[in-house]
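Since the structure comes first, as C-alpha cells, the remarks are kept for the end.
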Amino acid sequence: MRKQLVKVTKRFMVVVLLIAILSLIFPTWTPGIKGENSISTLGQVEINGADHEVMIRGTDRDNPILIFVHGGPGCSEIPYVRKYQEELEEHFTIVHYDQRGSGKSYHFFEDYSGLTTDVLVDDLLALTEYVTAELGQEKVSLVGHSFGTYIGTKAAAKAPDKFNAYIGIGQVADNAQSELDSLDYTIAQAKKAGHSEDAASLERLRSSIERGDEHTPRNMVRKYGGAARQIDENQDYIFGFLFGPEYNALDVIRYSMGIQATQEILLNEESGQHLPDIVKGLEIPTYFVMGKYDYMTSVNAARNYFAVLEAPVKDFVVFEHSAHYPQFEEKEQFAAWLMEMYGSL
C-alpha cells in the first residue's frame, strides 16, 4: 500500500511539473475577429531597435487607428483589455503595446537602468510609423492612460504631424499636487469610515509626500475608492494571467521583473520633472478624460493643467461614476463619447 502511495505521489508530481513547464512555454495569441477585412494580431515587432509586443485588433483594418499607451509604469493592459474594448473594435483599429522593459517587451539579461521617458517617447513615435505603414493610413489618434499620459503628451508635443488628436485618460499633471490631493482624500475617507489607524498612518506620510520623496500608498487609494469603482483591476490581471491567451506563465514573470526593473526609475523621473513644466501646449485637438473619483492622478491637478495647456481644440471630460479607469468602468459611455468626439475631428 505504501509503495502504491509513493508511485501515485511521484506520478502526481510529474504531472504538476509538466503542467508548470507547459504553462511557461505554451504559445500565446489573441482571438480572431470575424470579417474579411478584420485584423487580430499579437507578436513581437522590432521598434526603435528593441523588440516590442504589439497587439492590433479591429473588425475593419481601414477604420481609424487608436494607439493606447499603458500606465504603471510597467503595467501592460494586453492581458485583460479585450473584455473592455469590443465596442471600440467595431469602429476603430485598436493598438496596444507593451512598452520597452514592460510585460512581454521585457527581455531577460537586458539592462534597463538607463531607461528614460524620452526613450519611451521615441519608441512610441517609431511604433506609430510602423502602424501607419502596416495599415496604410497617415495618422493615428493617441490615447494615454495614467503614466502613459506622461509619455503620450510628450510624444504629441514632439511630433504633432503624426496624430489626429491626443486623449489623456487619468491625465498626469503636477505630481506634487496630485499626491497631496490623494493623501487628503484617503485620510478623509479613512476618517469617514472610522478607520483612525489608517488616517494616522497616512498623516505621518505628509511631510515626505510634500517633499516628493513618497507617493500616497496605492493600496490605501484603492481601499478607499480612489482607483476603481465599477471594476476590480487587480482581479482583471489575475484572470488575464491565468486564463487569457495573450500571456503565459513566462510572460507573467517578465511582467513582474519589468516592474521591478523600470517602475521606480520612471516614477522618480516623473516626480522630478512635472509634466506642466515640460509641455505647455499641443498643436492638435486635446482631450483630458477623467473619472470623478480619480485619486491615482487627481482630477484637480489635471484640471489645473488643462486650464493653462494651449491647444487649438480642447475639452475636459468627467465620467461621473468612475475613478482611474473610466474607459473600463463606463466602457459603453466611453465608446459613445469617443465616437462622437472622433466624428468632430
If the only charges are +1 at each Lys and Arg Cβ and -1 at each Asp and Glu Cβ, what is the size of the charge dipole of the chain around the Cα centre, to the nearest 20 debye?
1620 debye
Mind grabbing the base-10 log of I(q)/I(0) for segment 211-345 at q = 0.09, 0.12 Å⁻¹? Debye formula, identical points on the C-alpha positions, no solvent, two decimal places.
-0.36, -0.65
Roughly what % antiparallel, to the nearest 5, for the DSSP beta bridges in segment 39-343?
35 percent
Taking max minus min of the Cα coordinates of segment 190-246 on each principal axis, largest first, gives extents in Å of 45, 28, 15
Once the dipole of the chain is set up with Lys and Arg at +1 and Asp and Glu at -1 on Cβ about the Cα centre, which of PHE288, TYR305, HIS107 lies farthest towards its positive end?
HIS107
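What order, most packed first, do the peptides 73-85, 109-121 have when packing is the mean number of other Cβ atoms within 10 Å of each residue? Show your work: numbers first, answer last.
Working: 73-85: 23.4, 109-121: 14.5.
The densest-packed peptide leads the list: 73-85, 109-121.
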Where the centre of each part is set by its Cα atoms, how far does segment 29-48 sit from segment 173-229, in angstrom?
40 Å
Based on the inverse mean of 1/r over its pairs of different Cα atoms, what is the Kirkwood hydrodynamic radius of segment 244-295, in Å?
14.8 Å
Which of LYS104, LYS154 comes first, and how do the rest follow, when ranked by fewest Cβ neighbours within 10 Å?
LYS154, LYS104
At a temperature of 37 °C and a viscosity of 0.692 mPa s, determine how fast segment 39-343 diffuses translationally according to Stokes-Einstein, using the Kirkwood radius over alpha-carbon pairs as Rh; express D in µm²/s, rounded to the nearest whole number.
169 µm²/s
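Throughout, read-outs are computed from the coordinates displayed, never taken from laboratory work. Predicted model, so just to flag it, every value in this text is computed and none were measured. Because the Cβ atoms are built from the backbone with ideal geometry, glycine has one as well, and the counts that use them run over all protein chains shown.
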